[in-house]
Structure formats: structure tokens, C-alpha cells
1. Take the residues in the stretch 188-207 that are closer than 22 Å to ILE65 by Cα and open to solvent by less than 60 Å² (accessible area, probe 1.4 Å), then tell me which one is nearest to the ligand (Cβ to nearest atom).
2. With respect to GLY49, determine if the residue is closer than 30 Å to TRP214 by Cβ and not aromatic (Phe, Trp, Tyr).
3. Restricting attention to the stretch 63-91, which residues are near the ligand (Cβ under 6 Å from one of its atoms) and open to solvent by 10 Å² or more (accessible area, probe 1.4 Å)?
4. Going by the conditions given, is SER28 crowded, with 18+ Cβ neighbours inside 10 Å and of a type in the set (S, T, N, Q)?
5. Of a type in the set (A, V, I, L, M, F, W, C), touching a helix residue (DSSP H, G or I) at 6+ places or on another chain (Cβ under 9 Å), open to solvent by less than 60 Å² (accessible area, probe 1.4 Å) and within 12 Å of the ligand (Cβ to nearest atom): is that true of PHE175 in this structure?
6. Going through TYR108, TYR134 one at a time, which residue ends up being touching a strand residue (DSSP E or B) at 6+ places or on another chain (Cβ under 9 Å), within 12 Å of the ligand (Cβ to nearest atom), more than 17 Å from GLY151 (Cβ to Cβ) and modelled with pLDDT of 95 or more?
Amino acid sequence: MWKRDVDYEKARQKMVDVQIAGRGIKDSRVLRAMRKVPRHLFVEESLRGQAYEDHPLPIGEKQTISQPYIVALMTEALRLKGSEKVLELGTGSGYQTAILAELCDRVYTIERIPALLYRAKETLDKLGYKNIEYRVGDGTLGWPEEAPFDGIIVTAAAPKVPQPLVDQLAMGARFVIPVGDRITQDLLLIERVPEGIRKTSLGGVRFVDLIGKWGWQE
Ligand code: SAM
């Protein structure tokens with residue numbers, strides 16, 4: 001029964017109505033992107049029936065695709081209008097990458113586990129996304145050759161804000177990152193403003209570890 005596109009489509013629209021718009025996400029472009037991107041294609045076949053439920057799912061290599069509401073919350077915080085250059089750390093399944101690719105000019109995505117990056121790229125290529133650059137490596141160092149970025153999003157939990165990422169923010173840029181211990185974190189919004197750096201908390205979250213020079217050690 002979960003094999004028919006029409007079932008996935010219905011489940012996706014319900015997910016946005018109930019879990020995303022229903023919980024206060026208002027940015028019409030974010031809502032449109034989440035109504036469009038086929039989340040079930042970013043998880044393995046046996047989990048597709050759960051792709052539109054209100055929780056993370058395993059994607060292999062002890063990693064997860066984030067809860068849809070958290071994807072929406074972090075994306076909305078970037079306030080994308082369409083012309084931005086965005087850096088993403090933690091490609092994972094590529095689902096968040098697809099949402100970003102719908103909403104900005106170019107996405108630069110970094111994943112430390114090669115097998116995940118290759119699979120995500122395959123899915124995103126099949127869906128026709130052409131505005132994504134991919135890199136395997138330690139995203140905590142950022143992507144200095146392409147800096148500055150108008151938005152940065154980190155989808156893994158850091159013990160502290162990695163300084164190289166702050167240094168790669170354009171004036172007016174917005175940066176979202178979960179910071180805390182290995183169990184719970186505060187989702188921080190960091191903005192580069194003329195006076196310096198402004199930090200706001202968007203609430204409590206729970207992510208897998210950000211591993212790297214400016215993250216946790218393995
Ligand atoms: N946004 C992803 C999605 O939509 O599927 C989910 C990301 S998952 C919660 C976190 C990802 O961050 C994992 O795939 C993990 O391997 C990756 N990661 C952890 N540390 C990293 C680092 N230093 N650089 C790049 N990726 C990293």
C-alpha cells in the first residue's frame with residue numbers, strides 16, 4: 001500500500017499540515033519546499049512507510065535523518081530568499097540538502113562519512129538538483145575557498161561553536177547550530193551584524209555528534 005506515489009504524496013501533505021504548519025512554521029517558501037521534496041526517497045525501502053512520521057529515522061553508519069519539524073525550524077531560521085550561498089555540515093541522507101537547494105542559489109554540503117555522501121549525491125542527482133557542491137571531510141573547518149556564506153547550517157551537535165564557521169559568515173548572514181553536551185543541546189542562531197556576533201537560543205534539541213577538529217573527538 002505504501003508503494004504508490006499517491007500515498008506518499010498524501011502522507012507528505014499531512015506531515016506539513018500537522019507537524020510543520022501546525023506547529024508554527026510560517027515561511028511559505030519553507031512550507032512549499034517541504035510539500036514538494038519526496039522525503040521517502042531519502043530512506044531505505046523498508047523505512048519508507050515511516051518517512052512522514054514525526055521522528056528521526058536511521059540512515060546507516062549510526063546516523064539519522066532528522067525529524068521533519070527540526071528540518072523546518074532550522075531552515076526557517078536561515079530566512080532564505082533565493083539568492084544565497086549556503087554551507088551545510090552533515091549531508092547525511094541529503095534530505096535537508098534538497099530543502100536548501102529548493103530555497104537558495106547554491107548549497108555547499110560537507111559530510112565526513114564517504115558512503116553517506118555518495119548515496120545522498122546519487123539521490124539528489126536522480127531528483128535533478130544541479131545547484132549543490134559536495135565535499136567529503138571535516139566540515140568544522142568550513143569551506144574557506146567558497147566563503148563567505150549567507151547561511152550556515154550544522155545538523156550535528158557541537159561542544160562549542162566552531163570558530164572557522166563564524167569566520168566564514170558574510171555580513172548579515174545567519175548560522176544555525178546545536179551546541180551542548182552529547183545528550184542534549186541548545187539550538188543556536190548566530191548572526192553576523194555590524195556590531196559583531198549576535199546569539200539567540202531557538203530551544204532544546206537532540207542531535208548526533210559533530211566529529212572533527214572543532215567538534216567532538218571520535
Ligand atoms: N541533515 C541530514 C539529513 O537530512 O539526513 C542529517 C544529518 S545527521 C543528523 C548528522 C550528520 O553529520 C551525519 O551524517 C554525520 O556523519 C555528519 N557529521 C558529523 N560530523 C561531521 C563533520 N565534522 N563534518 C561533516 N559531517 C559531519
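1. Top of the filtered list is PHE207.
2. Here the answer is no, as GLY49 does not meet what is asked.
3. Across the stretch 63-91, the qualifying residues are GLN63, THR64, SER66, GLY90.
4. no
5. no
6. Matching residue, one of TYR108, TYR134: TYR134.
The values are calculated or read from the model by the stated rules, or taken from the named source; none is laboratory data. No experiment lies behind these values; they were computed from the predicted model shown. Reconstructed Cβ throughout: ideal geometry from the backbone, glycine too, with neighbour counts over all protein chains shown. Protein only, heavy atoms only, side chains kept; ligands, DNA and RNA dropped before computing areas. Shrake-Rupley method; radii C 1.70, N 1.55, O 1.52, S 1.80 Å.
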